[in-house]
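**Q** Got a structure here, written out as structure tokens. Questions coming.
The values are calculated or read from the model by the stated rules, or taken from the named source; none is laboratory data. Source: prediction; values computed, not measured. A quick note on method: Cβ atoms are made from the backbone with ideal geometry, for glycine too, and the neighbour counts reach across all protein chains shown.
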Amino acid sequence: MIRGLVVDDHAVVRKGMVQILSDLGLTSEVSVDEASTGVEMLRIVRERPYDFMLLDIALPDMNGLEALKQLRTFQPELPVLVLSIYSEKQYALRALQAGASGYLTKESAPEELLVAVRHALQGQRYISRGVADALTEGLLRGTPEPTHESLSDREFEVLCILGQGRTISQIAEHLSLSPKTVSTYRRRILTKLELTTTAELIQYAVRNDLVK
């Protein structure tokens, strides 16, 4: 019996992923568990073994990539596919650097998800066409690295959402954080990018293709 874990803060999404695997004939051989937060995921994985994981980035208690980095300290071999609403340009490279076995957007076809899971179970990385294009574009850019590469995963997430023109309150609600915490992230981002206003952050995000 192959064991899988779906980590997403939305119950509907978790059930949807399980259903997709079932419809594609995977759950006849796989038992799929669910977790809604990074802390819950880390606890569950310490308690029982898994053969693969589907992991969202936007978790309520921590950024999914931070959760993945913590996971890698005691489960370096567990195949993890990052499944996110964010485009490949925004997060694919960060996810792979954090130890992901692949990166897919939630707009991916169900059949592609199945292919990615099968690759992961075979110990292979799954590189979608979108991820390949994003990685190629990054290589062609050459040096130096964009300034936003110095941001933490959570800071980068806040920058991408700020780039959409959302307010501090809207971002706080979206990430299940307090407005004060989001404001702190905003100040850190401004400092690291050597900018002064939210308008400049939005322009930076658009200029660097960080807005979906």
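**Q** Mind telling me which of the residues S84, S22 ends up being of a type outside the set (D, E, K, R), under 18 Å from V117 (Cα atoms) and touching an Asp or Glu at 6+ places or on another chain (Cβ under 8 Å)?
**A** On the way: S22 fails: touching an Asp or Glu at 6+ places or on another chain (Cβ under 8 Å).
Only one candidate qualifies: S84.
**Q** Tell me, which helices (runs of 4 or more DSSP H) wholly within the range 1-107 include 1 or more residues that are in contact with a Phe, Trp or Tyr (Cβ under 8 Å, 6 or more places away or on another chain), in the same structural domain as L121 (by TED's automatic domain parsing) and surrounded by fewer than 22 Cβ atoms within 10 Å (Cβ to Cβ)?
**A** Fully inside the range 1-107 and qualifying: 38-47, 88-97.
Table: residues versus (1) touching a strand residue (DSSP E or B) at 6+ places or on another chain (Cβ under 8 Å); (2) more than 16 Å from M62 (Cβ to Cβ); (3) not small (G, A, S).
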residue	(1), (2), (3)
H148	no, yes, yes
E155	no, no, yes
L162	no, yes, yes
R166	no, yes, yes
A172	no, no, no
L175	yes, no, yes
Y185	no, no, yes
T191	no, yes, yes
Y204	no, yes, yes
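**Q** Consider only pairs whose beta carbons are under 7 Å apart and that are at least six residues apart or on different chains; among these, list those whose first residue lies in the range 152-175 and is in contact (Cβ under 8 Å) with a residue 60 or more places away in the chain and whose second residue is hydroxyl-bearing (S, T, Y).
**A** From residues that are in contact (Cβ under 8 Å) with a residue 60 or more places away in the chain, the pairs are R154/Y185; C160/Y86.
**Q** While we're looking at this one, here's another question. Which ones in the range 122-134 are assigned to a helix (DSSP H, G or I) and surrounded by 17 or more Cβ atoms within 10 Å (Cβ to Cβ)?
**A** G130, V131, A134
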